[in-house]
Amino acid sequence: MRSLIDILELSLEEIDQLIATAEDIIAHPEKYRESCKYKKLATLFFEPSTRTRLSFEAAMHELGGQVLSVSSAGSSSAAKGESIADTAKTVSCYADIIAMRHPKEGAPMVAAMNASIPVINAGDGGHNHPTQTLADLLTIWREKGRFTGLTIGLCGDLKFGRTVHSLIAAMARYTGNKFVLISPEELKLPSYVKKDILQKNGIEYVQTTDLESALPALDVLYMTRVQQERFFNEEDYLRLKDSYILTPEKLEKANKDLKILHPLPRVNEISVGVDADPRACYFKQVLNGKYMRMALILKLLEVEV
Ligand code: NCD
């Protein structure tokens with residue numbers, strides 16, 4: 001039995017297989033309509049979410065399975081002081097697989113150690129978000145046709161943005177990728193990600209505060225929201241929240257083949273005027289997330305179609 005806590009638990013071959021399954025689901029959805037019949041997914045979300053929770057739930061429904069859902073910490077026994085371990089043991093009695101989001105880094109790992117069913121990390125604090133990375137990977141694959149030789153700009157809150165940490169870990173495993181890390185000084189990529197992922201593997205990267213001058217060299221631009229909920233003080237958030245706003249004017253200097261991704265939700269960092277630009281991929285990315293979660297559920301439940 002396997003869980004998914006960190007994207008690096010999946011080999012490159014397994015990523016390829018998940019993408020192949022997602023592509024097959026897109027081409028032949030009818031084949032999968034009953035693959036998870038009588039199986040139950042529990043979504044345990046102790047932090048706000050729209051896309052991740054609903055896409056897991058939509059994924060399970062489209063596989064013919066059923067869903068049990070806790071959508072806030074306040075509505076579950078966590079509010080009474082129940083431990084993650086006890087919650088995981090309990091939910092293992094009701095469901096076949098768990099998707100968990102939690103404000104504490106490492107909480108889904110603790111759940112996986114105590115559950116008797118697979119646990120998927122649906123975002124743990126400012127740490128990791130492997131299934132968003134699966135959505136990002138399918139998007140890059142479908143839009144760029146390759147995972148190698150790309151100049152990838154990541155812009156915004158690189159410190160608290162868990163999707164950024166998981167995406168860098170995933171893309172650093174392919175050859176010839178370069179990273180341009182665009183953030184205010186205060187929101188730079190954590191040094192553990194720089195050391196353990198980029199420096200250890202000899203990956204080329206630059207850090208800058210300037211989006212506009214970085215834009216022309218990019219193949220992929222991954223915009224992120226400033227993570228208000230992880231700030232200790234409101235003043236810092238207000239000062240930093242509008243550090244970057246991508247507009248159609250700024251994009252005039254960008255590559256014609258640039259692909260713009262964003263895990264969403266968007267606040268101010270991409271103006272709505274950009275949505276009509278053919279380079280904007282963030283709503284396709286939402287849909288891709290559902291297909292990759294379907295592929296992942298099939299894999300972890302060891303369902304053969
Ligand atoms: C992201 C998250 O929760 O980390 N959202 C998502 O899952 N698509 C990004 C964010 O909240 O900014």
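The values are calculated or read from the model by the stated rules, or taken from the named source; none is laboratory data. Remember, it's a predicted structure, so these values are computed and weren't measured experimentally. When we count neighbours, we look across all protein chains shown, and the Cβ atoms used for this are built from the backbone with ideal geometry, even at glycine.
Each residue in region 225-245 was checked for being aliphatic (A, V, I, L, M) and within 15 Å of the ligand (Cβ to nearest atom), and 2 pass. Could you list, in sequence order, all residues of region 173-193 that are farther than 25 Å from LEU246 by Cα and away from the ligand (no atom under 16 Å from the Cβ)? Selection gives ARG173, TYR174, THR175, GLY176, SER191, TYR192.
Of the helices (runs of 4 or more DSSP H) lying entirely inside region 9-118, those containing at least 2 residues that are buried (at least 17 other Cβ atoms within 10 Å of the Cβ) and more than 23 Å from the chain's Cα centre (by Cα) span 84-91. Of all residues in region 243-259, none satisfies being farther than 26 Å from GLU186 by Cα, buried (at least 18 other Cβ atoms within 10 Å of the Cβ) and of a type in the set (Phe, Trp, Tyr).
For region 55-81, a tally of residues being over 14 Å from TYR291 (Cβ atoms) and of a type in the set (A, V, I, L, M) returns 6.
For (1) surrounded by fewer than 13 Cβ atoms within 10 Å (Cβ to Cβ); (2) out of contact with any strand residue (DSSP E or B) (no Cβ under 9 Å at 6 or more places or on another chain); (3) assigned by TED's automatic domain parsing to the domain that holds LEU246, each residue gets a yes or a no:
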position: THR163; (1), (2), (3): no, no, yes
position: LEU167; (1), (2), (3): no, no, yes
position: PHE179; (1), (2), (3): no, no, yes
position: PRO184; (1), (2), (3): no, yes, yes
position: SER191; (1), (2), (3): yes, yes, yes
position: LYS194; (1), (2), (3): no, no, yes
position: LYS200; (1), (2), (3): yes, yes, yes
position: ILE203; (1), (2), (3): no, no, yes
position: GLU212; (1), (2), (3): no, yes, yes
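In summary, SER71 fulfils each of the numbered conditions (1) touching a residue at least 12 places away in the same chain (Cβ under 8 Å); (2) out of contact with any Phe, Trp or Tyr (no Cβ under 6 Å at 6 or more places or on another chain); (3) among the hydroxyl-bearing types (Ser, Thr, Tyr) with the single exception of condition (2).
Among the candidates ALA217, ALA276, ALA280, ALA295, the residue that is away from the ligand (no atom under 13 Å from the Cβ) and in the same structural domain as PRO48 (by TED's automatic domain parsing) is uniquely ALA295. Can you find even one residue in region 70-86 that is over 27 Å from HIS262 (Cα atoms), touching an Asp or Glu at 6+ places or on another chain (Cβ under 8 Å) and at pLDDT 95 or above? No, because not a single residue in region 70-86 is over 27 Å from HIS262 (Cα atoms), touching an Asp or Glu at 6+ places or on another chain (Cβ under 8 Å) and at pLDDT 95 or above.
Might you let me know whether region 256-274 holds any residue that is touching a strand residue (DSSP E or B) at 6+ places or on another chain (Cβ under 7 Å) and closer than 20 Å to ASN121 by Cα? Yes, because at least one residue in region 256-274 is touching a strand residue (DSSP E or B) at 6+ places or on another chain (Cβ under 7 Å) and closer than 20 Å to ASN121 by Cα. The single condition among (1) closer than 24 Å to ALA295 by Cα; (2) crowded, with 22+ Cβ neighbours inside 10 Å; (3) in the same structural domain as GLU212 (by TED's automatic domain parsing) that GLU143 does not satisfy is (2). Can ARG142 be described as away from the ligand (no atom under 16 Å from the Cβ) and in a helix (DSSP H, G or I)? Considered against the rule, which asks whether it is away from the ligand (no atom under 16 Å from the Cβ) and in a helix (DSSP H, G or I), ARG142 comes out as yes.
Residues that are among the small types (Gly, Ala, Ser) and either in the same structural domain as LEU264 (by TED's automatic domain parsing) or within 15 Å of VAL286 (Cβ to Cβ) (or both) within region 43-66 comprise SER49, SER55, ALA58, ALA59, listed in sequence order. Scanning region 270-301 for residues that are surrounded by fewer than 17 Cβ atoms within 10 Å (Cβ to Cβ) and aromatic (Phe, Trp, Tyr) turns up just one, PHE283.
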